[in-house]
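The values are calculated or read from the model by the stated rules, or taken from the named source; none is laboratory data. Predicted model, so just to flag it, every value in this text is computed and none were measured. In this analysis, Cβ positions are derived from the backbone assuming ideal geometry, glycine residues included, and neighbour counts consider all displayed protein chains.
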Ligand code: SF4
């Protein structure tokens, strides 16, 4: 009986023969660590890039999105808990889809990118990595939508074939991570720094939950850290909470609380702070940080008006907006 230790995420699960790690999908099979979800997606969809959310990366394009079961976090407010809190064995998978088939289908569907998303892609690491390598060979981009709870070495390896990431920074508070997510904050901050160092285009999402992480001083500390460690041009998406899973007793985030948080983050110096899940709000759009010109007008995930010049320059002052543009 050989126990194997998984070094993918900070949990470092010691998995006995025949057992599974905390994420449920990485198992010890005869002394070998394997992911049961390899080539077994539980969810496949074509989304607008804006839904990831990525607002400064190939805006208006379609992205082929895949997910498997399992997660290495256990957030009480999970929006995809039917997917994330189960193992692949407990769920019907849609079809066997080896990496080659995923890439081929994405191309057939006129998608220029593939997203590894919905649940936690880092725990189907090998599937992501192999698919991403093939996708790059075929000229597609790769996008990771993640909670960022991962160790440095595997993340740096994965970055070689990543083009963009949206990381869910759940709160700027270790107690929140421990009590709501069953995880810790520091590895997520370390992962954000690694993504920036490896020059993966990075955007951050922070879901604001009333009474738990909506304190303005926390928003200020988070925005200050982002400005100082990642850069003031890092887009931040402040997203509206809606009652889910084990947090059905908490009301949706009031729109005023989202707007106040946005103002706080912008006062700290972040250039692009968006409010999410509030369709029609002005804060869904992109403005020039120099002269305030409206550059991309959005309604929800739809682009209504695109005013950026080629290369992402403001048409008024010619300032280059950070991002990856068409
Ligand atoms: S990825 Fe899964 S098995 Fe590996 S250490 Fe993390 S929770 Fe444990």
Inset, instruction - Go through region 2-41 and count every residue that is more than 19 Å from residue 73 (Cβ to Cβ), surrounded by 16 or more Cβ atoms within 10 Å (Cβ to Cβ) and near the ligand (Cβ under 10 Å from one of its atoms). - result: 3
Legend entry - Filter result (surrounded by 24 or more Cβ atoms within 10 Å (Cβ to Cβ), touching a residue at least 60 places away in the same chain (Cβ under 8 Å) and more than 16 Å from the ligand (Cβ to nearest atom)) within region 103-130: 115
Legend entry - strands (runs of 3 or more DSSP E) wholly inside region 250-326 that include at least 2 residues being over 21 Å from the mean Cα position of the chain (by Cα): 294-299, 302-306
Inset, instruction - Return only the number of the condition from (1) within 13 Å of the ligand (Cβ to nearest atom); (2) closer than 30 Å to residue 285 by Cβ that residue 50 does not satisfy. - result: (1)
Legend entry - Qualifying position, being without any contact (Cβ under 8 Å) to a residue 60 or more places away in the chain and closer than 19 Å to residue 245 by Cα, among 80, 142, 175: 80
Inset, instruction - For residue 67, indicate whether it is closer than 25 Å to residue 103 by Cβ, within 15 Å of the ligand (Cβ to nearest atom) and surrounded by 19 or more Cβ atoms within 10 Å (Cβ to Cβ). - result: no
Legend entry - Pairs, first over 17 Å from residue 187 (Cα atoms) in region 8-27, second assigned to a strand (DSSP E or B) and within 6 Å of the ligand (Cβ to nearest atom), C-beta under 7 Å, six or more apart: 20/26
Inset, instruction - Please find, among 202, 212, 189, the residue that is without any contact (Cβ under 8 Å) to a residue 60 or more places away in the chain, in contact with a helix residue (DSSP H, G or I) (Cβ under 9 Å, 6 or more places away or on another chain) and part of a loop (DSSP other than H, G, I, E, B). - result: 212
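For region 138-153, does any single residue satisfy the condition of being modelled with pLDDT under 95 and surrounded by fewer than 24 Cβ atoms within 10 Å (Cβ to Cβ)?
Looking for residues that are modelled with pLDDT under 95 and surrounded by fewer than 24 Cβ atoms within 10 Å (Cβ to Cβ), one finds none in region 138-153, hence no.
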